[in-house]
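Data block below; observations after.
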Amino acid sequence: MSRAASLKRGYTHGARRLASRSMLGLARTRVTPDALTAFGVGLCVAAAVLVFFENRNEILFYWLGAGVFVVGSILDILDGALARTSGKGTPFGAFLDSTTDRVSEGVVLGAIALVFARHHDLVGVGLAFAAVAGSFLVSYTRARAEALGLRGDIGLGSRAERVVVITVGLVFAPWGALVWAIGALTVTAWFTVGQRVWSVRVQLRRTRP
C-alpha cells in the first residue's frame, strides 16, 4: 500500500469514528438520516444561489457560499453515520444519500460555471463542466467496482477532498483562485477515475482463472 493510500485510509477511518461518536446524542432524537440528507442538500442548493450572486459583493457572497456549502456537505456526510449509529438506516435512505451527494456537488459547480460565464472566462466554464463529469465518474466507478465485488475506493479524489478544494477555491475566489481550484479539482477527479479503472482491471485479472 502506498503512503498516500495509507494516509487516506487512516484519516478516513478516523473521521468515521469521530462522526459516529458525534451522532450518539442525535441518534436518541426523532431526527432521521433522510431528514439530515434533505437538510444538507438544501443548504448546498442555498450555497449555489449565494455563489451566483457574487457580483453584488464578492467577499460576502463567496464566503457565505463557502460556509453554507461546508455545513451542508458535512450534514450530507453525517447522515450515513447517523444511520449506522441509530439503526434508522434503510436501503432507500442509502440510495437517496448517494443520489443527493451528486446533487449537492453538481449545483455548486453549476453555479461556479455560471459565474465563469458571467465573467467571460471560457476556460473556467470548460473546467467546471469537466469537474462535474469527473466528480460524477469518481462516484460511478466506485459504485460499479463494488457492484462487481471489487474494491473501488482507490485514489485521493473522493467527495471529502473535493469539498475541501471547492471550499478553498470559494474562500480565495475574490483574488482569482477559483479557476485554479476548479482546475485542480478537475485534474484530481479525472486522475482518480483513471486509477479506479486501472485498479478494476488489475483486480479482475487477479481473479481470472
Residue, farthest from W63 (Cα to Cα), within segment 134-148, restricted to residues that are hydrophobic (A, V, I, L, M, F, W, C) and surrounded by 15 or more Cβ atoms within 10 Å (Cβ to Cβ): A145
Test set (1) of a type in the set (A, V, I, L, M, F, W, C); (2) under 18 Å from the mean Cα position of the chain (by Cα); (3) under 21 Å from G42 (Cα atoms) - V115 fails condition number: (2)
Condition broken by A111, with the remaining ones in (1) of a type in the set (G, A, S); (2) without any contact (Cβ under 8 Å) to a residue 60 or more places away in the chain; (3) closer than 26 Å to L36 by Cα satisfied: (2)
Pairs, first closer than 14 Å to L109 by Cα and surrounded by 20 or more Cβ atoms within 10 Å (Cβ to Cβ) in segment 57-78, second among the small types (G, A, S) and modelled with pLDDT under 95, C-beta under 9 Å, six or more apart: F69/S104; S73/G40; S73/S104; S73/A160
Cross-chain or 6+ apart pairs with Cβ under 6 Å, segment 150-161 first and touching a residue at least 40 places away in the same chain (Cβ under 8 Å), then surrounded by fewer than 18 Cβ atoms within 10 Å (Cβ to Cβ): L150/Q203; G152/E146; I154/Q195; G155/Q195
Sole exception among (1) in a helix (DSSP H, G or I); (2) over 14 Å from the mean Cα position of the chain (by Cα); (3) modelled with pLDDT under 95 for G89, by number: (1)
Only one of R196, R206 that is basic (K, R) and either surrounded by fewer than 18 Cβ atoms within 10 Å (Cβ to Cβ) or closer than 21 Å to C44 by Cα (or both): R206
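Among the candidates A81, A48, which residue alone is buried (at least 16 other Cβ atoms within 10 Å of the Cβ), modelled with pLDDT of 90 or more, at negative phi and not acidic (D, E)? Break it down into steps so the answer makes sense when it comes.
Details: A81 fails: modelled with pLDDT of 90 or more.
It is A48.
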Residue identified as in contact with a Leu (Cβ under 9 Å, 6 or more places away or on another chain) and either loosely packed, with under 15 Cβ neighbours inside 10 Å or not aromatic (F, W, Y) (or both) among G176, G152, G157: G157
Enumerated helices (runs of 4 or more DSSP H) restricted to segment 109-209, each holding at least 1 residues that are more than 21 Å from S73 (Cβ to Cβ): 122-147, 178-207
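The values are calculated or read from the model by the stated rules, or taken from the named source; none is laboratory data. Keep in mind it's a predicted model, so treat the numbers as computed, not measured. Neighbour counts run over all protein chains shown; Cβ positions are idealised from the backbone, glycine included.
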